[in-house]
Amino acid sequence: MASLQTSSLIFSSSSSCPSKNRINAALQLPELPKLFKTQTRKVVERLNFQAVDGSTNTIPLQKIDNNNNNVFTIPELAESFNLSSTSKATAQFYAILEAVADRVEMHSNMGEQRNNWNTLLLNSINMITLTASSMAGVAAVTTGGAGMSLLALKLSSTLLFSAATGMLLVMNKIQPSQLAEEQRNAARLFRQLQKKIETLLALRAPNQQDVKDAMEKVLALDKAYPLPLLGAMIEKFPKTFEPAVWWPQNQFQKRNESYQTTTEKNNGWSEELGAEMREILEVVKAKDTEDYERLGNLALKINKTLAIAGPLLTGIAALSSPFVGHGSLAAVAAVTAGSLATAVNAFEHGGQVGMVIEMYRNSAGFFKLMENSIEATLEESNVEKRENGELFRMKVALELGRSFPQLKDIAARSASSRIDGTPIDEFASKLF
């Protein structure tokens with residue numbers, strides 16, 4: 001135990017008080033270890049500097065020293081504090097983190113705005129279509145004594161049907177419900193990237209490769225989920241359904257290089273774990289990815305049909321409205337087509353078929369990303385360059401919503417089904 005040293009601290013009263021009122025107090029303080037005092041002195045010497053006058057951009061700094069005067073410039077001072085490229089990479093990483101947080105806010109706000117577009121346009125178009133249908137029906141029963149009233153009803157009905165047709169063409173082209181889902185997915189993925197950056201900063205200091213990878217991920221997300229509509233909007237009616245891709249194409253070629261070797265034997269990998277991951281990969285390909293691509297193609301065909309039917313019906317009603325009163329067929333066509341257009345529009349945009357397509361597109365992209373991740377990991381022959389096996393297995397289990405025993409069970413059933421020649425009847429994912 002360190003020895004205790006008695007230090008006398010003398011507190012005196014004011015000068016007006018007699019000297020006999022002087023108060024003596026003593027406190028016992030532990031003697032500081034010699035090593036601690038040496039380190040403290042060094043830290044104080046490093047920080048004990050003052051700025052001197054200078055007219056250039058770099059302000060010279062002078063260290064206070066009793067023996068000699070040494071003048072340090074800012075680069076020399078930075079070197080003494082070990083401000084190397086590591087701190088520069090950290091500063092760049094924090095700049096990327098701020099940009100990602102800003103994008104989360106932007107995409108969230110844009111998603112709310114475009115969801116409002118869907119609601120407002122849907123209600124407006126349906127009200128216009130129903131009003132026009134009612135006018136056409138009233139015009140059909142108007143007698144010949146009200147010629148001007150009949151003309152006004154036919155003209156108003158025609159104009160409203162024409163306006164509904166134009167608005168439907170625009171709405172079906174941009175698919176507001178799908179736009180809103182795109183922005184929701186973008187906000188979620190940017191938030192996920194933000195958490196990954198924060199986790200890396202908490203675990204270790206980033207390097208320049210980490211900065212480059214983060215930049216590529218941000219730019220890939222910007223390309224996958226653009227904010228503007230004109231010139232950059234994702235095609236809403238492609239020829240074939242394709243999964244969303246929001247990761248850099250070279251992500252998995254670079255990824256294995258970033259992992260460092262560990263003291264754990266075989267870096268947590270074994271032949272059994274490798275076989276288990278291969279079976280999980282086969283199940284994901286055969287069941288989950290294929291099913292979402294099938295559902296995505298089906299929803300895309302339905303949406304194309306509805307997007308054509310809505311404006312076509314309102315167009316027929318607009319062409320039939322001027323001839324209401326000259327025969328029963330024109331009135332029937334106008335009223336029936338207007339009513340059907342309202343039902344079609346309500347099913348397409350009220351049911352948010354575009355949002356369903358984007359949900360399938362994102363889900364298929366999720367499984368595509370998992371496939372690429374597992375394939376790239378297993379293709380790396382040197383297990384020391386892979387991600388730790390147990391950590392990788394835990395990530396796969398969490399992404400699929402399964403426990404370790406469930407993951408092992410689904411892999412075993414996949415292997416047995418391949419031997420028997422019967423397809424497995426269960427999906428890999430339990431989340432969606």
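Checking each residue in segment 213-242 for being outside any loop (DSSP other than H, G, I, E, B) and surrounded by 14 or more Cβ atoms within 10 Å (Cβ to Cβ) picks out Asp213, Ala214, Met215, Glu216, Lys217, Val218, Ala220, Leu221, Asp222, Ala224. Looking across segment 331-349, the residues that are surrounded by fewer than 21 Cβ atoms within 10 Å (Cβ to Cβ) and over 15 Å from Met167 (Cβ atoms) come down to Val332, Ala333, Thr336, Ser339, Leu340, Ala343, Phe347.
For segment 352-362, state whether one or more residues are assigned to a loop (DSSP other than H, G, I, E, B), open to solvent by 40 Å² or more (accessible area, probe 1.4 Å) and free of Cβ contacts under 8 Å to residues at least 24 places away in the same chain. Steps first, please.
Filtering segment 352-362 down to residues assigned to a loop (DSSP other than H, G, I, E, B) leaves 352.
Keeping just the survivors that are open to solvent by 40 Å² or more (accessible area, probe 1.4 Å) gives 352.
Imposing the further condition that a residue be free of Cβ contacts under 8 Å to residues at least 24 places away in the same chain reduces the set to none.
Within segment 352-362 (the criterion being assigned to a loop (DSSP other than H, G, I, E, B), open to solvent by 40 Å² or more (accessible area, probe 1.4 Å) and free of Cβ contacts under 8 Å to residues at least 24 places away in the same chain), the answer is no, since none of the residues qualifies.
When segment 368-399 is filtered for residues that are in contact (Cβ under 8 Å) with a residue 12 or more places away in the chain, assigned to a helix (DSSP H, G or I) and more than 18 Å from Pro248 (Cβ to Cβ), the ones remaining, listed by number, are Leu378, Val383, Glu384, Lys385, Gly389, Glu390, Leu391, Phe392, Arg393, Val396, Glu399. Taking Ile302, is it surrounded by 22 or more Cβ atoms within 10 Å (Cβ to Cβ), within 34 Å of the chain's Cα centre (by Cα) and modelled with pLDDT of 95 or more? Answer is no for this residue. Can you tell me which residues in segment 412-424 are assigned to a loop (DSSP other than H, G, I, E, B) and within 18 Å of Glu276 (Cα to Cα)? Residues satisfying the conditions are Pro423, Ile424.
Give the residue that is surrounded by the most Cβ atoms within 10 Å (Cβ to Cβ), with candidates limited to residues of segment 161-182 that are closer than 30 Å to Val104 by Cβ and either more than 25 Å from the chain's Cα centre (by Cα) or among the small types (Gly, Ala, Ser) (or both). Once the filter is applied, the top-ranked residue is Ser177.
The values are calculated or read from the model by the stated rules, or taken from the named source; none is laboratory data. The structure displayed is predicted, hence computed values, not measured ones. So basically every Cβ, Gly included, is an ideal-geometry build from the backbone, and we count neighbours across all protein chains shown. Protein only, heavy atoms only, side chains kept; ligands, DNA and RNA dropped before computing areas. Shrake-Rupley method; radii C 1.70, N 1.55, O 1.52, S 1.80 Å.
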